[in-house]
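The values are calculated or read from the model by the stated rules, or taken from the named source; none is laboratory data. On a predicted model such as this, the values are computed, not experimentally measured, just so you know. Using ideal geometry, Cβ is built from the backbone for each residue, glycine included, and neighbour counts are taken over all protein chains shown. Quick note on the areas: whole protein, heavy atoms, side chains included, nothing else; ligands and nucleic acids left out. Shrake-Rupley method; radii C 1.70, N 1.55, O 1.52, S 1.80 Å.
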Amino acid sequence: MSLAFSIADLAALPTHAHEQAARLAMQAMRQISLDYLSTLEEAHEAVAEALQPDGLCRAAVDEATGEVLGWIGGLPMYAAVWELHPLAVRPAQQRRGIGTALVADLERLAAARGARTLFVGTDDELGLTSASGVDLYPDPLAHLAQLRDLAGHPFRFYQKCGFALCGIVPDANGFGRPDVLLAKRIGPARG
């Protein structure tokens with residue numbers, strides 16, 4: 001069954017949509033994180049951070065019900081580099097094109113604001129990759145070059161969206177719990 005949704009600026013939606021975004025972020029992050037957005041207060045803070053005036057915060061809204069199905073945030077980090085943070089899709093609606101559409105929308109809008117590169121960090125706190133539970137030193141990049149998905153880690157989703165592995169932060173969330181970094185060119189290579 002096809003799901004009809006549109007993408008809108010979350011800041012322009014009613015405040016109940018912000019509440020829906022916070023709650024769905026908590027649900028979505030439980031699948032991939034031990035601690036990130038584990039309370040409603042933290043989830044509200046994530047929504048507020050994404051709604052900063054210099055950034056972008058977009059929501060996928062069910063056209064039939066008006067329900068927020070997913071949302072994405074993006075903030076400028078360097079002159080021409082933006083960070084995608086976070087991306088959350090209601091678990092029951094995952095694998096239906098919502099995340100892919102949100103990423104494409106963010107890419108387009110960030111590029112229009114001068115971004116050339118979009119990057120994302122995606123933690124492995126739950127043993128979802130071959131880099132989890134091991135000492136990545138003294139050569140983290142050797143582990144990154146052989147990174148394997150063991151149980152549905154989000155880095156595979158981002159690769160399908162055209163992102164490339166570009167780094168790994170060992171022990172970012174405690175020993176053996178790295179942050180996998182990916183990036184994608186979204187603006188002109190020169191100019």
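On the basis of being modelled with pLDDT under 95, of a type outside the set (A, V, I, L, M, F, W, C) and more than 17 Å from the chain's Cα centre (by Cα), does R148 make the cut? Break it down stepwise before answering.
Numbers: modelled with pLDDT under 95: no; of a type outside the set (A, V, I, L, M, F, W, C): yes; more than 17 Å from the chain's Cα centre (by Cα): yes.
Answer is no for this residue.
Looking at the stretch 35-54, is at least one residue open to solvent by 60 Å² or more (accessible area, probe 1.4 Å), in contact (Cβ under 8 Å) with a residue 40 or more places away in the chain and either farther than 24 Å from P178 by Cα or in a helix (DSSP H, G or I) (or both)?
no
Just to be sure I understand, how many residues within the stretch 104-147 are touching a residue at least 40 places away in the same chain (Cβ under 8 Å), in a loop (DSSP other than H, G, I, E, B), surrounded by fewer than 17 Cβ atoms within 10 Å (Cβ to Cβ) and among the small types (G, A, S)?
Of the residues in that region, 2 qualify.
Just one of (1) part of a strand (DSSP E or B); (2) out of contact with any Gly (no Cβ under 9 Å at 6 or more places or on another chain); (3) more than 21 Å from A43 (Cα to Cα); (4) open to solvent by less than 40 Å² (accessible area, probe 1.4 Å) trips up M77, so point out which.
Result: M77 passes all but (4).
Can you pull out the residues in the stretch 16-27 that are within 9 Å of P91 (Cα to Cα), among the aliphatic types (A, V, I, L, M) and open to solvent by 10 Å² or more (accessible area, probe 1.4 Å)?
None - no residue of the stretch 16-27 is within 9 Å of P91 (Cα to Cα), among the aliphatic types (A, V, I, L, M) and open to solvent by 10 Å² or more (accessible area, probe 1.4 Å), so the list stays empty.
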